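Some notes on the structure that comes next.
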Amino acid sequence: MSRGKFITLEGVDGAGKSSHVEWIAARLRALGHTLIVTREPGGTPLGESLRELLLREPMHLETETLLMFAARREHLAKLILPALERGDWVLSDRFTDASFAYQGGGRGLGEQRISDLENWVQQGLQPDLTLFFDLPVEVARQRLAASTASPDRFEQEDLAFFNRVRKVYQERALAYATRIKVIDSSKSIEEIRVILERYILTI
Ligand code: TYD
């Protein structure tokens, strides 16, 4: 039995990844993979409780980062690793690139701190493929405003914050070009699906 593949979706809030999750999942299932669709922060009962706190409760930046990784540890132990070992595939709406982008870029936590937690919690595990939905922050914010009634703690941040988040995603896409594929979210849904299909088939 071969190990399953781990795919993650990333991007600033409003960049459009949510519009594509179900379509990607349907394509992967049509290709014959047993697939688990999950998200971060969250994915387990404990992780979902932590998500509530993380999205609503003001807290110190290091507390926020530690809780993101605590939820991730649980997610890996209870859901992601057992699934991959069974040969199932896992599609996660966000993973550790979001910690580098939001806690690192957006909020200014040192990269080394995040790398240390990444090494501790993941012990070398990385996604097989990361799809980074990229869009100018001004456009992403307009889309977000149209779709969100009560913005969470992250969605309430300003343009400068999201520009820092986007910059880290872009830098990581360059640094890890084999793993992270940039999807130009200003294209039409049909054009994006053609691009997604190509990446899905080559993984
Ligand atoms: P998001 O996928 O945007 O949820 P929704 O589409 O339901 O609003 O994720 C919630 C927020 O969590 C998002 O603003 C980014 C943030 N986040 C971090 O700051 N660090 C992390 O490590 C993760 C996984 C998410």
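The values are calculated or read from the model by the stated rules, or taken from the named source; none is laboratory data. Owing to the predicted nature of the structure, the values given are computational and were not obtained by experimental measurement. Reconstructed Cβ throughout: ideal geometry from the backbone, glycine too, with neighbour counts over all protein chains shown.
Values computed for the structure shown
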| quantity | calculated |
| --- | --- |
| Of all residues making up segment 121-152, the number that are part of a loop (DSSP other than H, G, I, E, B), within 17 Å of the chain's Cα centre (by Cα) and either surrounded by fewer than 18 Cβ atoms within 10 Å (Cβ to Cβ) or within 12 Å of the ligand (Cβ to nearest atom) (or both) | 4 |
| Candidate set: segment 58-98, residues that are farther than 12 Å from residue 36 by Cβ and free of Cβ contacts under 8 Å to residues at least 12 places away in the same chain; chosen: the one nearest to the chain's Cα centre (by Cα) | 77 |
| Selection within segment 172-195 - farther than 13 Å from residue 10 by Cα and either touching a helix residue (DSSP H, G or I) at 6+ places or on another chain (Cβ under 6 Å) or not hydrophobic (A, V, I, L, M, F, W, C) (or both) | 176, 178, 186, 187, 188, 190, 191, 193 |
| Residues satisfying the stated conditions in segment 160-181, i.e. surrounded by 14 or more Cβ atoms within 10 Å (Cβ to Cβ), more than 15 Å from residue 108 (Cα to Cα) and among the β-branched types (Val, Ile, Thr) | 180 |
| Answer from 157, 118 - the residue that is in a loop (DSSP other than H, G, I, E, B), surrounded by 14 or more Cβ atoms within 10 Å (Cβ to Cβ) and modelled with pLDDT of 95 or more | 157 |
| Any hit, segment 7-30, residues being part of a helix (DSSP H, G or I), within 10 Å of the ligand (Cβ to nearest atom) and touching a Leu at 6+ places or on another chain (Cβ under 8 Å) | yes |
| Output for segment 131-153, where each listed residue is of a type outside the set (Gly, Ala, Ser) and farther than 22 Å from residue 183 by Cα | 148, 151, 152, 153 |
| Pick from segment 95-115, criterion of a type in the set (D, E, K, R) and either crowded, with 22+ Cβ neighbours inside 10 Å or part of a helix (DSSP H, G or I) (or both), ranking: nearest to the ligand (Cβ to nearest atom) | 97 |
